[in-house]
1. When only residues in the range 275-319 that are over 18 Å from residue 264 (Cα atoms) and part of a strand (DSSP E or B) count, which is farthest from the chain's Cα centre (by Cα)?
2. Select from the range 117-133 the residues that are of a type outside the set (Lys, Arg) and out of contact with any strand residue (DSSP E or B) (no Cβ under 7 Å at 6 or more places or on another chain) and write down the one among them that is farthest from residue 95 (Cα to Cα).
3. Only one of these is modelled with pLDDT of 95 or more, in contact with a helix residue (DSSP H, G or I) (Cβ under 8 Å, 6 or more places away or on another chain) and in a strand (DSSP E or B): 159, 186. Name it.
4. Kindly list the number of the only condition in (1) more than 14 Å from the ligand (Cβ to nearest atom); (2) buried (at least 22 other Cβ atoms within 10 Å of the Cβ); (3) of a type in the set (S, T, N, Q) that fails for residue 114.
5. Could you give every pair whose Cβ atoms fall below 7 Å, whose first residue belongs to the range 167-180 and is hydroxyl-bearing (Ser, Thr, Tyr), and whose second residue is away from the ligand (no atom under 11 Å from the Cβ), counting only separations of at least 6 or pairs across chains?
6. Can you tell me which residue among 143, 94, 130, 120 is at positive phi and small (Gly, Ala, Ser)?
7. Please state which of the following conditions residue 322 fails to meet, knowing it meets all the rest: (1) over 19 Å from the mean Cα position of the chain (by Cα); (2) in contact (Cβ under 8 Å) with a residue 12 or more places away in the chain; (3) part of a helix (DSSP H, G or I).
8. Those residues that are part of a loop (DSSP other than H, G, I, E, B), without any contact (Cβ under 8 Å) to a residue 40 or more places away in the chain and more than 16 Å from the ligand (Cβ to nearest atom), I need them from the range 37-95; list them, please.
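The values are calculated or read from the model by the stated rules, or taken from the named source; none is laboratory data. All figures in this text were calculated on a predicted structure; none of them were measured in a lab. Cβ atoms come from the backbone with ideal geometry, glycine included; neighbour counts cover every protein chain shown.
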Amino acid sequence: MKMQRRAAFALALLASPFALQAAEPVKVGFLVKQAEEPWFQDEWRFAEQAAKDKGFTLVKIGIPNGEKMMAAIDNLAAQKAVGFVICAPDVKLGVAVNRAAKRHNLKVMSVDDQLVDGAGKPIADIPHMGISGYEIGKQVGQGLLAEMKARGWKLDEVGVLRVAFDQLPTAKNRTMGAVDALKAAGVPAANVVDAPQAKTDTESAFNAANIAFTKNAKFKRWVAFGLNDEAALGAVRAAEGRGIKQDAMLAIGIGGSQTALNEFTKPTPTAFYGTVLISPKRHGYETAVAVYEWATAGKAPAPVTLTAGTLMTRQNQAELRKQMGL
Ligand code: FCA
């Protein structure tokens with residue numbers, strides 16, 4: 001009798017609309033501009049971890065352009081997602097993102113690239129987690145200076161290649177941080193060569209660096225950097241193609257994902273000397289949780305969170321990545 005009553009109760013629960021509602025998982029979107037880039041793959045991986053830990057479903061969508069981005073937001077709304085994390089293909093799409101999110105009643109938070117309005121000002125009501133670009137850029141510059149000193153290079157003889165993507169504020173901050181650190185130590189401003197890249201991938205950096213090297217053949221030694229590991233690597237590959245090898249070239253990236261690790265595990269060191277390791281774990285995990293908790297528990301994320309980095313080379317890579325839980 002007791003058993004029968006219990007079974008009947010369970011059946012009634014299953015049939016009730018509440019039981020059905022509770023069974024439907026909460027969905028959170030995670031939209032990234034360059035899904036093929038190892039950094040974003042890592043971010044997604046840690047966001048997946050967050051979804052598993054907290055019990056929500058992560059919807060990952062690559063958004064290489066504005067059209068795909070708008071379609072992805074509509075798609076999330078159709079799937080009844082509660083919100084999304086976004087690294088947009090162009091930060092100037094900020095107003096459009098904000099409008100679409102509000103129209104669909106979706107919570108939105110940006111990661112890596114802070115969204116701006118028509119006047120280029122950060123959109124205050126979209127919470128953001130990014131890296132402290134200028135500081136991390138300074139670390140790049142200081143890392144280059146230390147290695148130049150170790151090699152006995154004269155600061156005024158070295159060409160400084162800044163692979164630039166100045167339309168993205170965090171990219172400009174990062175590379176200008178490096179330039180300022182180098183200048184503060186005595187590198188002449190005239191030695192800084194800008195190589196503007198069309199996109200933030202290795203191929204675009206390679207093309208930009210090639211042009212810059214051709215125009216500035218007077219420098220026999222170079223240091224190079226850009227907004228990420230792909231930018232630094234493009235410069236290294238372009239230099240190699242012109243016979244400027246590891247003994248005359250030094251590059252430090254930003255990131256520390258697979259792009260950098262591939263270089264570090266090559267048997268012979270390349271000119272890709274190091275990277276400033278940043279945390280895809282924090283960026284992926286914490287933003288996904290923040291949007292989930294904002295939508296389900298009304299807990300709004302901090303308006304802006306900026307994360308730090310640490311210089312990583314062949315020597316300390318294993319230890320450092322372990323320390324950061326990577
Ligand atoms: C930007 C860059 C990425 C990565 C991220 C933290 O989005 O394009 O490569 O560096 O910031």
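1. Going through the qualifying residues, I end up with 304.
2. Residue satisfying both the conditions and the ranking: 133.
3. Numbers: 186 fails: in a strand (DSSP E or B).
Going through 159, 186 in turn, the sole match is 159.
4. (1)
5. 175/137; 175/162; 175/164; 175/225
6. 120
7. (2)
8. Answer for the range 37-95, where residues must be part of a loop (DSSP other than H, G, I, E, B), without any contact (Cβ under 8 Å) to a residue 40 or more places away in the chain and more than 16 Å from the ligand (Cβ to nearest atom): just 55.
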